[in-house]
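Only one structure is covered here, and it is reproduced in the block below.
The values are calculated or read from the model by the stated rules, or taken from the named source; none is laboratory data. As the structure is a prediction and not an experimental result, all values here were calculated from the model. A quick note on method: Cβ atoms are made from the backbone with ideal geometry, for glycine too, and the neighbour counts reach across all protein chains shown.
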Amino acid sequence: MDEKQQENWLDRQLREAAPYIDDQGFTSRVLKQLPARRRRRDSLRAVILLGITFLASVLAYGLSDGGRFVVVAMERLTTLPTLWLFALAFGCGIAVMAGGIFAAIFKTRELQS
Amino acid sequence: MELTDADLIARVLVDDDQHAFGELARRHQSSVRGLLRQLTRTDVALADDLAQETFLRAYKNIRSFRGEARFSTWLYRIAYNCFRENARRRKELVGIDEEQLQSEHDPHVADPGLRHDIMHALSLLPLPERSAILLCCQNGLSHDEAARVLDIPLGTVKTNMLRGREKLKRTLAAWGPD
């Protein structure tokens, strides 16, 4: 008998001999044993961030004579030329977009690694 | 459109999506359980316990899956480690006791079917040869992938494959092609 032919036959039989095993509730049992989802930790993070933001806003309002600096800044803005206002808005938009792109790249790299 | 393994893994990583992990488990449960059944010499209950442990570990450590190998290869490695740890605990990882296996093999109760004979012949192989044959021939891994799963040198995998194949050919000689 040809050696190669015999090896091919054996390989084929080995592949075919492995039966498909029906799930029969196996996956459900695995899912029941999985640890609880991390949602609680995520919501805690959101609460902390919102809390700190609120605290910082209250502090800034209190320390700046009832938000007087906002009124002053708005008054200054109204005196700026229109072109300057457009440039400022454009610059702010670019800065926010750059931040978003940086965050997306960082997250993608984190997922890939 | 059916999601790929990579899509499902991304969902588990980003959203901690347990349904996505369930789909991964459903896809790979047969091959993982089949491998463990052969490694444990058809001890179905033990094999299924180890398979559950395999998927639980996979879920807990999915962040360490770097995508350099196929997800199934990564699962086989975890499954083999689970089996090895269990075997160590049970002090069974000492190679095969040929005499014991011969006594286990009762030709009078053997199923005449070729599939049964192949599975039985596989169970007679020593663990290193059985593992290599199972991974490469039944589960379609390359020698290199099998070496990574078994954590042994590539040359050892090739040697174990050769030896295992020779023994299987001898055992199954009566069934071979004419």
(request) Scan region B:1-13 and report the pairs whose first residue is of a type in the set (Val, Ile, Thr) and whose second residue is part of a helix (DSSP H, G or I), with Cβ atoms within less than 6 Å and a gap of 6+ or a chain change. (result) B:12/B:20; B:12/B:21; B:12/B:62
(request) Filter region A:23-37 for residues that are closer than 15 Å to residue B:32 by Cβ and more than 7 Å from chain B (Cβ to nearest Cβ) and give the result. (result) A:24
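Would you say residue A:2 is at the interface with chain B (Cβ under 9 Å from one of its Cβ atoms), surrounded by 11 or more Cβ atoms within 10 Å (Cβ to Cβ) and at pLDDT below 80? Before you say what the answer is, go through the steps one by one.
Details: at the interface with chain B (Cβ under 9 Å from one of its Cβ atoms): yes; surrounded by 11 or more Cβ atoms within 10 Å (Cβ to Cβ): no; at pLDDT below 80: yes.
Considered against the rule, which asks whether it is at the interface with chain B (Cβ under 9 Å from one of its Cβ atoms), surrounded by 11 or more Cβ atoms within 10 Å (Cβ to Cβ) and at pLDDT below 80, residue A:2 comes out as no.
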(request) State which residue is nearest to residue A:11 (Cα to Cα) when the search covers only region B:114-151 and only residues that are within 10 Å of the chain's Cα centre (by Cα) and polar (S, T, N, Q). (result) B:138
(request) Report yes if residue A:108 is under 30 Å from residue B:53 (Cβ atoms) and either among the polar types (S, T, N, Q) or in a helix (DSSP H, G or I) (or both), otherwise no. (result) no
(request) Mind telling me which of the residues A:49, A:83, A:77 ends up being under 34 Å from the mean Cα position of the chain (by Cα) and more than 14 Å from chain B (Cβ to nearest Cβ)? (result) A:49
(request) Search region B:12-45 for residues being surrounded by fewer than 18 Cβ atoms within 10 Å (Cβ to Cβ) and within 21 Å of residue B:131 (Cβ to Cβ), and hand back the single one that is nearest to the other protein chains (Cβ to nearest Cβ). (result) B:30
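To keep it simple, each residue is scored yes or no on (1) at pLDDT 90 or above; (2) within 30 Å of residue B:67 (Cα to Cα).
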position	(1), (2)
A:50	yes, no
A:65	no, no
A:68	no, no
A:74	no, no
A:85	no, no
A:96	yes, no
A:101	yes, yes
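Select the helices (runs of 4 or more DSSP H) contained entirely in region B:1-98, then report the ones holding at least 3 residues which are at positive phi, in the same structural domain as residue B:150 (by TED's automatic domain parsing) and at pLDDT below 90. Outline the logic, then answer.
Working: elements: B:5-15, B:18-39, B:44-60, B:71-89.
Passing ranges: none, list empty.
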